[in-house]
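K.L.:
Before I ask anything, let me first share the structure, which is written out below as structure tokens.
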Amino acid sequence: MNKTALVRGAAGGAVGGLLMAIWSMIAIALTGTGFWTPINLIAHTAFPSAPLGGAFSAPALVIGLLIHFAVAIGFGVVFAALMTPARGRRPTTATSAGFGLVYGLVIWLVMHFAVWPAADVVAASAFSLWVFAVGHLIYGLTLGLLVGPVTRTVGPAEPHSQIT
């Protein structure tokens, strides 16, 4: 993977993470649980004194957003690496979008049913299953639409632009 694909994967992950966060915060607020609940639950994984409900907490906001965007950017870079054409094959926008949706679904399954419960069962069980699932589909679709078509045009890396 070259630097261009790496940067675009990170940027796509950040945009996808932003849209996922906006969706989750609005959807959870509409259920009556509280606008800040998603960020608080993420923060609770590393900051156990973070509220589990919708109360605002500045430390939880900072910690929750840092964790959320670090993970979103990391998964975006992995997606870009997977979408970088091999042997001249270039995915279409529809293929990229479809792969992004599947990628988001797989991330949701792994994170919701394995990683997050192992890290913080209280926070993981408090996050609405359907909101988390739709959020990951939004994230994956965003990656597919932003990163997939862009990596189609990324040609062979010049020796000086390769990341080793």
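A short reminder: the numbers here are calculations on the coordinates, not readings from a lab. This structure is a prediction, so every number in the text was calculated from the model and none was measured. Positions of Cβ are generated from backbone atoms using ideal geometry, with glycine treated the same way; all protein chains shown enter the neighbour counts.
K.L.:
Mind ranking 22-31, 114-123 by how tightly packed they are, going by the mean number of other C-beta atoms within 10 angstrom, highest first?
P.N.:
Sorting 22-31, 114-123 by mean packing, highest first, produces 22-31, 114-123.
K.L.:
Once R0 is set to 30 Å, what does the formula 1/(1 + (r/R0)^6) return for the Cβ-Cβ distance between ILE26 and THR95, expressed as a FRET efficiency to the nearest 0.05?
P.N.:
Once the sixth-power term is evaluated, E becomes 0.50.
K.L.:
Using θ = phi - 60° and the Karplus form 6.51 cos²θ - 1.76 cosθ + 1.60, what ³J(HN,Hα) does each residue of the range 120-132 get, whole Hz, x for Gly and Pro?
P.N.:
7, 4, 5, 5, 4, 6, 7, 7, 4, 4, 6, 5, 5
K.L.:
Is it possible to state the helix-based mean residue ellipticity at 222 nm for the chain, with each DSSP H run of 4+ residues giving -39500 (n - 2.57), the sum divided by total residues, to the nearest 500 deg cm²/dmol? What is it?
P.N.:
Mean residue ellipticity, 222 nm, calculated: -22500 deg cm²/dmol.
K.L.:
Can you work out ³J(HN,Hα) from phi for every residue in the range 64-81, in order, using Karplus 6.51 cos²θ - 1.76 cosθ + 1.60 and θ = phi - 60°, giving whole Hz and x for Gly and Pro?
P.N.:
x, 5, 4, 5, 4, 6, 4, 5, 4, 5, x, 5, x, 5, 4, 4, 4, 5
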